[in-house]
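What follows is one structure encoded as structure tokens, with my remarks underneath.
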Amino acid sequence: MKIKYTNWGIAYRYGNVIEINPILKHYPVVYKAILEHEKGHDVRKKMNFWHDLKFVFKFNKELLKFSIEHPILSLQSAMPVWYDKGWHHNPFMIIMWIVIILVVVGSILL
């Protein structure tokens, strides 16, 4: 497994490469949790929906603190589609954004 450092978002895995933000080195608990999460992705599957969903709802005080201190990185990580030397997409985030939009629109219309 190869680890590449990038200044975009928090972390992302493709194939045998994990891109991770070097800022996480200052948050060892979060760094370890994120790295283990990314290693846990099954690269044979196009989408690891349940793996990501479990991580989102697993409360981690240090991750919450990191997200509050670095809101732009958290927002970048939540992007469903982005461009970085080519177009990329995150199926989990596409589904999450659709659900969020439907809930917000549904609550406005009711």
For this session: Could you identify the single residue in L63, L75, L53 that is buried (at least 16 other Cβ atoms within 10 Å of the Cβ), hydrophobic (A, V, I, L, M, F, W, C) and either in a loop (DSSP other than H, G, I, E, B) or at pLDDT below 80 (or both)?
Result: L63
Seminar exercise, completed: The one condition W82 fails out of (1) touching a strand residue (DSSP E or B) at 6+ places or on another chain (Cβ under 6 Å); (2) among the hydrophobic types (A, V, I, L, M, F, W, C); (3) more than 16 Å from N7 (Cβ to Cβ) is (3)
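Looking at the range 7-32, which of its residues are among the hydrophobic types (A, V, I, L, M, F, W, C), touching a strand residue (DSSP E or B) at 6+ places or on another chain (Cβ under 8 Å), without any contact (Cβ under 8 Å) to a residue 60 or more places away in the chain and surrounded by fewer than 19 Cβ atoms within 10 Å (Cβ to Cβ)?
Going residue by residue through the range 7-32, those that are among the hydrophobic types (A, V, I, L, M, F, W, C) are 8, 10-11, 17-18, 20, 23-24, 29-30.
Then keep just the ones that are touching a strand residue (DSSP E or B) at 6+ places or on another chain (Cβ under 8 Å); that gives 8, 10-11, 17-18, 20, 24.
When the remaining residues are screened for being without any contact (Cβ under 8 Å) to a residue 60 or more places away in the chain, the result is 17-18, 20, 24.
Within the range 7-32, V17 is the sole residue that qualifies.
The values are calculated or read from the model by the stated rules, or taken from the named source; none is laboratory data. None of the values given here were measured: they were computed from a predicted structure. Here the Cβ is made from the backbone with ideal geometry for all residues, glycine too, and neighbour counts use every protein chain on show.
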